[in-house]
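A.B. asks: What follows is a single structure, and I will ask about it in a moment.
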Amino acid sequence: MIVGTAGHIDHGKTALLQALTGQAGDRRREERERGMTIDLGYLYAALEPGAALTGFIDVPGHERFTHNMLAGAQGIDLALLVVAADDGVMPQTREHLAIVELLGVPRALIAITKCDRVEPSRVQAVREQIATLLAPGPYAGAPQIALSNTTGEGIETLRQALLDAQENVLQRSAHGGFRLAIDRAFSVAGAGIVVTGTALSGQVSVGDTLLFGPQGKPVRVRGLHAQNQAADSATAGQRVALNLSAERLALEQIHRGHWLLAEWLYAPTQRLDIDMQLLASEPKPFEHFQPVHVHLGTQDVTGRVALLEGASLAPGERMFAQILLNAPVQAVKGDPLILRDQSAQRTLGGGRVLDPFAPSRQRRSAERLAQLQALTTTTNLEDVLPALLINSDIGLDPQQLERQFNRLRGTWNLPDDVRLIDTRQGQRLFSTLRWETQKARLVEHLARFHELEPDQMGPDRGRLRRFTGTALDRATFISLLDELLASGVITASGPWLHLPGHQVRLSEEDEALWQHLQPLFEQAGFDPPWVRDLGGNEVAVRLLLRKMARLGQVHQVVRDLFYTDAMLRRLATMLLQLAAQNEVIQVTAFRDAVGLGRKRSIQILEYFDRIGLTRRFGDKRHVRLDSALARQTEP
Ligand SMILES: Nc1nc2c(ncn2[C@@H]2O[C@H](COP(=O)(O)OP(=O)(O)OP(=O)(O)O)[C@@H](O)[C@H]2O)c(=O)[nH]1
Ligand SMILES: [Mg+2]
């Protein structure tokens, strides 16, 4: 069990731990000189002979050192709230109480100190004051023990209450990856660097490799202490000291606020979605985008809070919010955090992390809020997943879920209506329904594309993706498309994607223009007009004919000279007839057969060369019988 003190300055927190354990704790010189606690103090003692060691964290009461108190209160099992009988409830009594409530510390005991200094009636008045203070919160009716650190009166009653609590301490789950928020680092002669902190989840053993600090530097655990005793391993809920070794690891690199994590959990983030609560004692509403100090683990980072369900949050109310941090943190779902004002003078409220990898887009959408709602109501991954997925158009990244829930994928039981999609960038989870909807939508978009661009075979992959405006990442989009291609719902012709029934045709406008041009081509026979002689808008005519050339309806023999497909086939037939009579085709023979000038005849033959119907040797040609046109054309 880990006990943390709480309470106003000078109310007797440090004296109480000394009276209880008989240990003075290691006070810094400045603390002795100033007669106050500045930073965290640590003590380990058995509450009675033979009992397991209890870890005590003594915190400073001075308002200027609340940030230290916050680092100490993280992960404690029981808050020992100290109130001096003479002063009664004071500002940091309230603030520390609010902090341990917001952190979700499971239990509290109240010690009324300095009872030797006051009349019993005063003790009674303070009791009532405290009862009123606790009444609206989770510690309503918590035991209050009147005592004196000077005379020792009441200390045994407190000891008994602590022993009872120790028996019933909520065993923290040792599941999940190891997480330790570092609160101290020092150097031990002969051993090297030692860091301490409260293990928040998982377990650690000698020989393990963990990732340290913002850069995720690998460090090896050379030795460890759990609750101040040498051990081979330690688990969540214990105070842990780890002797670390790593290349070029210097004490100056290690600070309170850094994390030690199981390798797979390391994932720095600067955007957290939380369930936020504003203290009822706040004088005015909290405004959207207000700057704050965020205390998470032993970290203290500045940032801003974007309210997700309104423009302001009234005192005592809660709301979903997104924290945008100025420096990266490490967090998992359920982590409590405390928000203090910009100048770090006042605790404003706090919250619980719902999603440490919060989205920047669509953060207020109905679907996103539904996801956040699901994250507040259930804790188990399998129970939350369906609600998360049914509200997600783009699916979820399983690796992020592992880190969000601190649960390795190997331990999941995926529900039936969930699809795990393989993509080039790893896997992605979808609800089966949403995946099928995505497919249907893609097919609709393709149909729409055909409608808008009837003269095109279809878009290529990149163009189709842009056309749909999808939020899916590229890799997932490709997997979606591949499924549709595999099932034949979409077909590919070369790079062009289209629906199987799609046939290229001209737009209505183009069709009308062609209706006008076609007779001119028919009348002209083997000598069609040049583009400039077709009349009308020359540019539009040229564009149409080029478009029709792509569709195979006309052929551009030389620039701006087009033959209809029918006419070109007739020319090809004549060529094949010549070839049937005489294997080698001369320009003159072709010219005489078609009745055109020599220049035009050569232009046509060269076109036949280009499309592979003929092969040229000097001014003679052979027909390539393997060419598509030769095979389609009956002489
Ligand atoms: N008479 C009397 N004096 C006490 C008692 N408890 C503490 N004191 C005195 O009150 C003063 C403050 O006690 P500390 O234990 O340092 O108070 P603290 O709550 O740890 O103060 P910070 O850590 O600075 O917030 C010291 O001079 C103590 O001797 C008590 O029960 N009776
Ligand atoms: Mg103290």
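The values are calculated or read from the model by the stated rules, or taken from the named source; none is laboratory data. Values in this document were obtained by computation on a predicted structure and should not be read as measured data. Heads up, the Cβs are rebuilt from the backbone with ideal geometry, glycines too, and the neighbour counts pull from every protein chain shown. The accessibility values were calculated without ligands, DNA or RNA, using every heavy atom of the protein model including side chains. Shrake-Rupley method; radii C 1.70, N 1.55, O 1.52, S 1.80 Å.
A.B. asks: What's the longest piece of the chain with no exposed GluC sites (Glu not before Pro), counting a site as exposed if DSSP puts it in a loop and it has at most 14 other beta carbons within 10 Å?
C.D. replies: In the chain, the maximal stretch lacking such sites is 310-582.
A.B. asks: Then there's this: Which whole-percent values make up P(r) of region 523-562 when all C-alpha to C-alpha distances are grouped in 5 Å steps starting at zero?
C.D. replies: For region 523-562, the binned pair fractions read 6, 25, 32, 28, 9 percent.
A.B. asks: Still on this structure, I have one more. Please work out the C-alpha center-to-center distance from region 145-196 to region 423-470 and express it in whole Å.
C.D. replies: Here the two parts' Cα centres lie 58 Å apart.
A.B. asks: To continue, here is another question. Scan the chain and note any complete DSSP helix (H) whose C-alpha atoms cover at least 20 Å along its axis and whose Kyte-Doolittle average is -0.5 or more.
C.D. replies: Qualifying helices, which must be both long enough and hydrophobic enough, are 120-134, 565-581.
A.B. asks: Right, here's the next one. Just subtract the alpha-carbon distance of ALA15 and ARG220 from 0.36 nm times their residue separation and send over the number in nm, one decimal.
C.D. replies: 70.0 nm
A.B. asks: Report the percentage of all Cα-Cα pairs in region 403-516 whose separation exceeds 19 Å, rounded to a whole percent.
C.D. replies: Here the tail beyond 19 Å accounts for 54 percent of pairs.
A.B. asks: Let's test the formula: R0 of 45 Å, r as the Cβ-Cβ distance of ARG32 and ARG361. What FRET efficiency results, to the nearest 0.05?
C.D. replies: About 0.25, to the nearest 0.05.
A.B. asks: Starting from the Cα of ARG424, step 7 Å along the direction of its Cβ; do the same at LEU251; then give the gap between the two resulting points in nm.
C.D. replies: 5.2 nm
A.B. asks: Å³ per residue of the Cα convex hull, for the chain?
C.D. replies: 225 Å³
A.B. asks: With all protein chains present, how much of the accessible area of region 388-542 (probe radius 1.4 Å) comes from carbon and sulfur, to the nearest whole percent?
C.D. replies: Result for region 388-542: 48 percent of the exposed heavy-atom area is carbon or sulfur.
A.B. asks: Also: With label points built 7 Å along Cα→Cβ from the Cα atoms of PHE467 and ALA492, find their separation and express it in nm.
C.D. replies: 1.6 nm
A.B. asks: Under the Karplus relation 6.51 cos²θ - 1.76 cosθ + 1.60, θ = phi - 60°, what is the ordered set of whole-Hz ³J(HN,Hα) values for region 227-234, x standing for Gly and Pro?
C.D. replies: 6, 6, 10, 4, 8, 8, 8, 9
A.B. asks: Now for a different question. What length, rounded to one decimal in nm, is gained on full extension from ALA475 through to THR376, with 0.36 nm per residue of separation minus their alpha-carbon distance?
C.D. replies: Result for the pair: 32.5 nm of gain on full extension.
A.B. asks: Determine the per residue accessible area of region 510-632 with all protein chains present and a 1.4 angstrom probe, expressed in square angstrom.
C.D. replies: Using a 1.4 Å probe on heavy atoms only, each residue of region 510-632 averages 54 Å².
A.B. asks: Still on this structure: 7 Å from Cα along Cα→Cβ at both ARG598 and LEU625: what's the point-to-point distance in nm?
C.D. replies: Going from the ARG598 label point to the LEU625 one covers 3.2 nm.
A.B. asks: Sticking with this structure for a sec: Provide the gained length on full extension for the span ARG569 to ARG546, in nm with one decimal, where the gain is 0.36 nm per separating residue minus the Cα-Cα distance.
C.D. replies: The ARG569-ARG546 span can extend by a further 6.5 nm.
A.B. asks: Turning to a different aspect of this structure: Stokes-Einstein at 25 °C, 0.890 mPa s, Kirkwood radius from Cα pairs: D for region 510-632 in µm² s⁻¹? Let's see the in-between values first.
C.D. replies: Values: Rh = 15.0 Å.
Result for D is 163 µm²/s.
A.B. asks: May I ask you to evaluate 6.51 cos²θ - 1.76 cosθ + 1.60, the Karplus curve with θ = phi - 60°, for each residue of region 328-341 and list the ³J(HN,Hα) values in order in whole Hz, giving x for glycine and proline?
C.D. replies: Karplus values, whole Hz, x for Gly and Pro: x, 10, 10, 8, 10, 4, x, 4, x, 9, 10, 10, 10, 5.
A.B. asks: Could I ask something else about it? Could you pull the Cα extents of region 179-265 along its three principal axes, largest to smallest, in whole Å?
C.D. replies: 30, 28, 22
A.B. asks: 5 Å is the cut-off here: which amide hydrogens, built 1.01 Å from N in the peptide plane, fall below it relative to ARG419, excluding neighbours closer than 5 in sequence?
C.D. replies: PHE430, SER431, THR432
A.B. asks: Counting only residues 5 or more places away or on other chains, whose amide H sits under 5 Å from the amide H of GLU317 once H atoms are built in the peptide plane?
C.D. replies: Residues meeting the amide H criterion: LEU278.
A.B. asks: Computing the accessible area with a 1.4 Å probe over protein heavy atoms, can you report the carbon and sulfur percentage for region 2-167?
C.D. replies: Percent of accessible area from carbon and sulfur atoms in region 2-167: 47.
A.B. asks: Here's another thing I want to ask about it. Picking from GLY458, GLN503, PRO529, whose Cα lies most toward the positive end of the charge dipole for region 453-546 (charges on Cβ: Lys, Arg +1; Asp, Glu -1)?
C.D. replies: GLY458
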